Amino acid sequence: MLASITAAVFGLLGLLHFYWAARGVSGNSAAIPEIDGRPVFKPTKAATAAVGLTLLGTGAIVLLQAKPLLAGAAAVLILRAIGDFRLVGFFKRVRGSRFARLDTLLYSPLCLALGAALALQAAG
């Protein structure tokens, strides 16, 4: 059951990134870290689609139960939740933007939950 739910979440996130790649994510998107109201980077459509493929691939390794890959993906997600101590993660210093608020309330907790789910599956 956990694998099905986790794979579905990765699938939805992957499709969301494909939507963004097709539509184009604007610079004022809450999905991009900001400093002083300006986006830190502008993702290309190709990069956004690559993230979508990575997310779909992660969903596939969940369904295939590829334990070493699950453990690696779990580590990446847990590290993302902890953050870079500047722009993303629970311990970020740059706060106050829409991205920072959503990162604290949604993005980092989701990364932590998905990382924990993958770690449980890798260990099981």
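A quick yes/no check of all residues on (1) among the hydrophobic types (A, V, I, L, M, F, W, C); (2) at pLDDT below 95; (3) on the phi > 0 side of the Ramachandran plot:
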{"residue": "A22", "(1), (2), (3)": "yes, yes, no"}
{"residue": "A31", "(1), (2), (3)": "yes, yes, no"}
{"residue": "P39", "(1), (2), (3)": "no, yes, no"}
{"residue": "A47", "(1), (2), (3)": "yes, yes, no"}
{"residue": "L53", "(1), (2), (3)": "yes, no, no"}
{"residue": "G59", "(1), (2), (3)": "no, no, no"}
{"residue": "V62", "(1), (2), (3)": "yes, no, no"}
{"residue": "L69", "(1), (2), (3)": "yes, no, no"}
{"residue": "A74", "(1), (2), (3)": "yes, no, no"}
Among (1) buried (at least 18 other Cβ atoms within 10 Å of the Cβ); (2) over 17 Å from P109 (Cα atoms); (3) not aliphatic (A, V, I, L, M) - the single one R80 does not satisfy: (2)
Number of positions in segment 87-106 that are among the hydroxyl-bearing types (S, T, Y) and buried (at least 19 other Cβ atoms within 10 Å of the Cβ): 1
Sole residue being small (G, A, S) and within 30 Å of M1 (Cα to Cα), chosen from G89, G24: G89
Residue match in segment 62-70 (condition: surrounded by fewer than 19 Cβ atoms within 10 Å (Cβ to Cβ) and under 11 Å from the mean Cα position of the chain (by Cα)): no
Some residue of segment 76-98 being of a type in the set (G, A, S) and more than 30 Å from A123 (Cβ to Cβ): yes
Condition broken by F91, with the remaining ones in (1) within 22 Å of T54 (Cα to Cα); (2) in a loop (DSSP other than H, G, I, E, B) satisfied: (1)
Cross-chain or 6+ apart pairs with Cβ under 6 Å, segment 86-100 first and basic (K, R), then at pLDDT below 95 and part of a loop (DSSP other than H, G, I, E, B): R98/A30
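The values are calculated or read from the model by the stated rules, or taken from the named source; none is laboratory data. Source: prediction; values computed, not measured. So basically every Cβ, Gly included, is an ideal-geometry build from the backbone, and we count neighbours across all protein chains shown.
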